[in-house]
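Notes for the one structure printed next.
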Amino acid sequence: MPTFVSIGCDCETAYQIRRHTGADSALMFDWLATPIESCAALWSDEAEWFLPGNWDIVADGRRVRDKATGLEYQHEFANIDATSSLVDASRVEERLDAARAKFLYLKRKTLAALGAIEDLCLVRKEWWAHGPQAEANAAVILDAFSRLVPGVRVMIVSSEADIEQISDRHLFLKMKAGEDWTGDNASWDRAFALADAWSEGFRG
């Protein structure tokens, strides 16, 4: 059975991996919004992370984007009030040092954890991806992580998939859209079962 690790694009992936495996140790991308171009953030310059003024508010006011990595943070910064999901922009700067310390720790923890995994399957949920886009996104992820785990494979799932694909390095599957951010459990169960069989086939 492979070890599943989230590579975004949002919290749904980490939630479903935890539901499937029972794992509860947080890694770098678990609770972030991760644009595909930010999947290589583990190898970016730490000195540039969370610099004052080098951020903006995105996702209709619900997230802070660190411009150095492009990663979007929804849970690290204060909201306007207890009933709002909107970020209080006036308080972002006071939280930058704490956010930087937390995510540098998670970066190092993630690099160490991934480097010790023999059968690694990175998992990414996409809001929208057809076959060619899934192939391109898988290539971005594999290029970033193969330097750490040469045999890494990628599973990408999307409710908008027009086809399903399997290759020696990536698996692309269609999902049903869930009713909330946690996704459709049955679709995820199918995806994990197919990924288990896929991995077993390559090991065998």
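The values are calculated or read from the model by the stated rules, or taken from the named source; none is laboratory data. Predicted model only: the values in this text are computed from it and were never measured. Glycine gets a Cβ as well: all are built from the backbone with ideal geometry, and neighbour counts include every protein chain shown.
Yes or no, residue by residue, for (1) surrounded by 15 or more Cβ atoms within 10 Å (Cβ to Cβ); (2) under 26 Å from Ser199 (Cα atoms):
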site	(1), (2)
Phe29	yes, yes
Leu42	yes, yes
Pro52	no, no
Ile57	yes, no
Arg62	yes, no
Glu72	yes, no
Ala82	no, no
Asp97	no, no
Leu120	yes, yes
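Determine whether region 141-151 contains at least one residue that is assigned by TED's automatic domain parsing to the domain that holds Ile163, within 22 Å of Lys176 (Cβ to Cβ) and in contact with a helix residue (DSSP H, G or I) (Cβ under 8 Å, 6 or more places away or on another chain).
Applying the first criterion (assigned by TED's automatic domain parsing to the domain that holds Ile163) to region 141-151 yields 141-151.
Imposing the further condition that a residue be within 22 Å of Lys176 (Cβ to Cβ) reduces the set to none.
Scanning region 141-151 turns up no residue that is assigned by TED's automatic domain parsing to the domain that holds Ile163, within 22 Å of Lys176 (Cβ to Cβ) and in contact with a helix residue (DSSP H, G or I) (Cβ under 8 Å, 6 or more places away or on another chain).
Based on this model, can you work out whether Ala177 counts as free of Cβ contacts under 8 Å to residues at least 24 places away in the same chain, of a type outside the set (Phe, Trp, Tyr) and touching an Asp or Glu at 6+ places or on another chain (Cβ under 7 Å)? Let's see the steps before the verdict.
Working: free of Cβ contacts under 8 Å to residues at least 24 places away in the same chain: yes; of a type outside the set (Phe, Trp, Tyr): yes; touching an Asp or Glu at 6+ places or on another chain (Cβ under 7 Å): yes.
Spelling it out, Ala177 is indeed free of Cβ contacts under 8 Å to residues at least 24 places away in the same chain, of a type outside the set (Phe, Trp, Tyr) and touching an Asp or Glu at 6+ places or on another chain (Cβ under 7 Å).
For a quick check of your reading: which strands (runs of 3 or more DSSP E) sit entirely within region 90-204 and have at least 2 residues that are within 27 Å of Val64 (Cα to Cα) and not basic (Lys, Arg)? So that I can check it myself, show each step before the final result.
Details: elements: 120-126, 153-158, 170-174.
Output list reads 120-126, 153-158.
One line per residue, one yes/no per condition, for (1) closer than 19 Å to Arg190 by Cα; (2) surrounded by fewer than 18 Cβ atoms within 10 Å (Cβ to Cβ):
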residue: Tyr105; (1), (2): no, yes
residue: Gly115; (1), (2): no, yes
residue: Ala129; (1), (2): yes, no
residue: Pro132; (1), (2): no, yes
residue: Phe145; (1), (2): no, no
residue: Leu173; (1), (2): yes, no
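Of everything in region 4-37, what is of a type in the set (Ser, Thr, Tyr) and either under 8 Å from the mean Cα position of the chain (by Cα) or not assigned by TED's automatic domain parsing to the domain that holds Ser199 (or both)? Give them in sequence order. Talk me through it step by step, then tell me what you get.
Just the residues of region 4-37 that are of a type in the set (Ser, Thr, Tyr), to begin with: 6, 13, 15, 21, 25, 34.
Hits for region 4-37 are Ser6, Thr13, Thr34.
With respect to Ser187, determine if the residue is more than 24 Å from Glu37 (Cβ to Cβ) and surrounded by fewer than 19 Cβ atoms within 10 Å (Cβ to Cβ).
yes
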Point to revise | Number of positions in region 6-25 that are touching a helix residue (DSSP H, G or I) at 6+ places or on another chain (Cβ under 7 Å) and crowded, with 24+ Cβ neighbours inside 10 Å | key: 3
Point to revise | Every residue from region 152-204 that is at pLDDT 95 or above, closer than 19 Å to Leu114 by Cβ and of a type in the set (Gly, Ala, Ser) | key: Ala195
